[in-house]
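First up is the structure itself, then whatever we jot down about it.
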Amino acid sequence: MERALVIGGTGGIGAAVVAELRMRGVAVETLSRSADGLDLCDEASVRAALGALQAPFDMVFVATGKLDGAGQPPEKTLKSVDPAALADQFAVNAIGPLLVLKHAVRLMPRDRRSVFAALSARVGSIGDNRMGGWYAYRMAKAALNQGLHTAAIELARTHRQAICVALHPGTVATPFTAAYAGRHRTVAPDQAAKNLLGVIDGLTPAETGGFFDWAGKRVAW
């Protein structure tokens, strides 16, 4: 039986991914702040939580993230940039998932296909940025993308069938996006989960290190 680990498994997208995987017959374990006290900003917490798990896992899915940095809403102008908000965004959206990967490598099998996927966002794309604003969130997601791309290169040396990717889920109708969805078309969490897992199903090791949207299309760096 396939095994999967979902980080942030109690959130909107995370819980939907857990449900979809279980419907597929996958054995799923979850870790989250609310249920397990996992603190992605504290490496000791990440090390302890993942260190208690038994390998192997065929998939590690990181569904964590935040839009507000240090309680500050996304910036509309440069005048609103706040160092504490920037640091908070980097800690949660970039450093946290990379720490998970650091301690999840030992859980990933070397003799078969495995996947490490983390939720990113199209707004983290430098090439696709045409509207400006949202400095902290954009910068943190861009940093996450770079971290995953870099890690994928290293991971391929020891785990030749591994796939390490950043995924853009679209605008999902969750409390996470409720205040910011605006006129953007939203998708229900269960549909988002199906979309994302469908993308993962179609990926090969040749595509490791990539950045893909919910439809499987590459997103510009």
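What does the accessible area per residue of the range 4-107 come to in Å², with a 1.4 Å probe and no ligands, DNA or RNA counted?
Dividing the accessible area of the range 4-107 by its residue count gives 44 Å².
Normalised by the residues of the chain, what does the relative contact order come to in percent, with Cα pairs under 8 Å and at least six apart?
Computed over the chain, the figure is 21 percent.
Mind ranking Met23, Met1, Met139, Met59 by accessible surface for me, highest first, 1.4 Å probe?
Descending order: Met1, Met23, Met139, Met59.
Within the chain, what whole-number % of the accessible surface is contributed by carbon and sulfur, with the 1.4 Å probe and all protein chains included in the calculation?
Summing carbon and sulfur atoms, their accessible area is 55 percent of the total for the chain.
How much of Thr30 can a 1.4 Å solvent probe reach, expressed as accessible area in Å² and rounded to 10?
Accessible area of Thr30: about 50 Å².
For Met108, tell me the accessible area in Å² from a 1.4 Å probe, rounded to the nearest 10.
10 Å²
Mind checking which of Ala19, Ala117, Ala48 has the largest fluctuation in a GNM of the chain, springs on alpha carbons under 10 Å?
Comparing Ala19, Ala117, Ala48 in a Gaussian network model of the chain, the most mobile one is Ala48.
Sorted by accessible area with a 1.4 angstrom probe, largest first, how do His149, His168 fall?
Descending order: His149, His168.
In this model, which of Lys79/Lys102; Lys79/Lys217; Lys66/Lys217; Lys76/Lys102 are farther than 29 Å apart at the alpha-carbon?
Lys79/Lys102; Lys79/Lys217; Lys76/Lys102
Given a 10 angstrom Cα cut-off, can you work out which residue in Arg185, Arg22, Arg138 is the most mobile in a GNM of the chain?
Among Arg185, Arg22, Arg138, the largest GNM mean-square fluctuation belongs to Arg185.
With a 10 Å cut-off between alpha carbons and a GNM built on the chain, which of Ser32, Ser80, Ser125 moves the most?
Comparing Ser32, Ser80, Ser125 in a Gaussian network model of the chain, the most mobile one is Ser80.
Take Arg218, Arg113 and sort them by solvent-accessible surface of the protein heavy atoms, 1.4 Å probe, largest at the top.
Listed by decreasing accessible area, they come as Arg218, Arg113.
Counting only the heavy atoms of the protein chains, how much of Glu43 is accessible to a 1.4 Å probe, in Å² to the nearest 10?
The value for Glu43 is about 50 Å².
How much mean residue ellipticity at 222 nm does the chain get from its helices, if each DSSP H run of length 4 or more adds -39500 (n - 2.57) and you divide by all residues, to the nearest 500 deg cm²/dmol?
Calculated from helices alone, the mean residue ellipticity at 222 nm is -11000 deg cm²/dmol.
For the range 115-221, what relative contact order do you get, as a whole percent, if you take Cα pairs closer than 8 Å and at least 6 residues apart?
35 percent
Debye sum, Cα scatterers, the chain, no solvent: what log₁₀ I/I(0) at q = 0.08, 0.16 1/Å?
Debye output, listed in q order: -0.25, -1.09.
List the extent of the Cα atoms of the range 1-119 along each of their three principal axes, largest first, rounded to whole Å.
The Cα atoms of the range 1-119 stretch 52, 28, 25 Å along their principal axes.
How many angstrom lie between the C-alpha centres of the range 90-128 and the range 1-71?
About 12 Å separates the Cα centre of the range 90-128 from the one of the range 1-71.
Over all directions, what mean area does the Cα convex hull of the range 1-60 project, stated in square nanometres?
4.0 nm²
The values are calculated or read from the model by the stated rules, or taken from the named source; none is laboratory data. It should be emphasised that the depicted structure is a prediction, and the values quoted were computed from it without experimental measurement. To get the accessible areas, we keep the full protein, side chains included, count just its heavy atoms, and leave off ligands, DNA and RNA. Shrake-Rupley method; radii C 1.70, N 1.55, O 1.52, S 1.80 Å.
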